[in-house]
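Report on one structure; see the data block that follows.
The numbers here are math on the coordinates, done by the rules we state, and not lab data. Just so it is clear, the structure is predicted and the values come from calculations on it, not from any experiment. When we count neighbours, we look across all protein chains shown, and the Cβ atoms used for this are built from the backbone with ideal geometry, even at glycine.
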Amino acid sequence: MTKKSGPQHYPRADRTHWYQHRWPGDAMEVNVVVLHTTEGRTLPDYEGGRMAPNLTAVPDLKAQKLTWYQHFDIDVSSRALVNLPGGVETNTLNVCQAELVGTCNPVTHQKWRDAGKGHLYWPEAPQWALRELARFLAWMHEEHDVPLSGPKLWPPYPKSFGSRAGQRMSGHEWNAFNGVCGHTHVPENQHGDPGAIDFDGLIRFAKAALDD
């Protein structure tokens, strides 16, 4: 089994929703962070952890902060990616996965806004949310050497669904990738989240956080 190294628990994360005891994963040495959006407004139960990521970030809109929950060790595979038989590995390929509570879908965003339901629309995330997420990426860079870089294409949803926008990695590209990407980039998956998140701004904030 691959040796896990570095701290395994993000210091800002609550571990009251811990699933590793129920769904043990594979030990890894993480070199990739995959960002998802939950397409919901609250912390999911992930079918009792069966479909859970490593961490979930829940926006506290009033306090303007992200409340983090950790479900698996950093260097243990989680379960939020599709992995088809006979292809590349996804969940187990040195990946730490973070779900961002909110939506990347403009139709959902409009519906919730019209209904007065507070939420975070990640393609238009406020700076406080990007900075809070960037602090996690900076920590992953410092403690697990995940590069603060990633794909150039972060197309908006629904264009990001499937491979229509040219952002989806091939199996070879995925196997060679180190850094930060989205669910929309992972092969064998059709999902388009997190859509057109401000990735350049996110990385800029993460690099600035290294100097804090």
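Could you give every pair whose Cβ atoms fall below 7 Å, whose first residue belongs to region 55-69 and is closer than 18 Å to residue 11 by Cβ, and whose second residue is surrounded by 16 or more Cβ atoms within 10 Å (Cβ to Cβ) and among the charged types (D, E, K, R), counting only separations of at least 6 or pairs across chains?
56/99; 65/132; 66/132; 68/12
Can you pull out the residues in region 109-124 that are aliphatic (A, V, I, L, M) and within 15 Å of residue 39 (Cβ to Cβ)?
If the condition is that a residue be aliphatic (A, V, I, L, M) and within 15 Å of residue 39 (Cβ to Cβ), then 120 is the only one that fits.
Pairs under 6 Å by beta carbon, first residue at positive phi in region 79-97, partner crowded, with 17+ Cβ neighbours inside 10 Å and not in a loop (DSSP other than H, G, I, E, B), six or more apart or different chains?
Taking only residues 6 or more apart or on different chains, the pairs are 94/32.
Please state which of the following conditions residue 42 fails to meet, knowing it meets all the rest: (1) β-branched (Val, Ile, Thr); (2) free of Cβ contacts under 8 Å to residues at least 60 places away in the same chain; (3) crowded, with 16+ Cβ neighbours inside 10 Å.
(3)
If you go through region 160-212, how many residues are among the β-branched types (Val, Ile, Thr) and not in a helix (DSSP H, G or I)?
3
Filter region 167-184 for residues that are in contact with a strand residue (DSSP E or B) (Cβ under 8 Å, 6 or more places away or on another chain) and of a type outside the set (S, T, N, Q); which is farthest from residue 97 (Cα to Cα)?
Filtering first and then ranking leaves 169.
Determine whether region 22-37 contains at least one residue that is of a type in the set (Ser, Thr, Tyr) and either within 15 Å of the chain's Cα centre (by Cα) or under 29 Å from residue 172 (Cα atoms) (or both).
Yes; the residues of region 22-37 include at least one that is of a type in the set (Ser, Thr, Tyr) and either within 15 Å of the chain's Cα centre (by Cα) or under 29 Å from residue 172 (Cα atoms) (or both).
Could you go through region 90-107 and let me know if any residue there is in a helix (DSSP H, G or I), surrounded by fewer than 21 Cβ atoms within 10 Å (Cβ to Cβ) and either in contact with an Asp or Glu (Cβ under 6 Å, 6 or more places away or on another chain) or not β-branched (Val, Ile, Thr) (or both).
yes
For a quick check of your reading of the model, give me the residue pairs whose first member lies in region 139-162 and is closer than 22 Å to residue 123 by Cβ, whose second is in a loop (DSSP other than H, G, I, E, B) and of a type in the set (Lys, Arg), with beta-carbon atoms closer than 8 Å and at least 6 apart or on different chains.
Here the result reads 162/168, each pair linking region 139-162 to a residue that is in a loop (DSSP other than H, G, I, E, B) and of a type in the set (Lys, Arg).
Quick check on region 109-121. Is at least one of its residues in contact with a Lys or Arg (Cβ under 9 Å, 6 or more places away or on another chain), more than 25 Å from residue 49 (Cα to Cα), of a type in the set (D, E, K, R) and not in a helix (DSSP H, G or I)?
yes
Which of the numbered conditions does residue 157 fail, given that it passes all the others? Conditions: (1) in a loop (DSSP other than H, G, I, E, B); (2) surrounded by fewer than 22 Cβ atoms within 10 Å (Cβ to Cβ); (3) not aliphatic (A, V, I, L, M).
(2) is the only condition that residue 157 fails.
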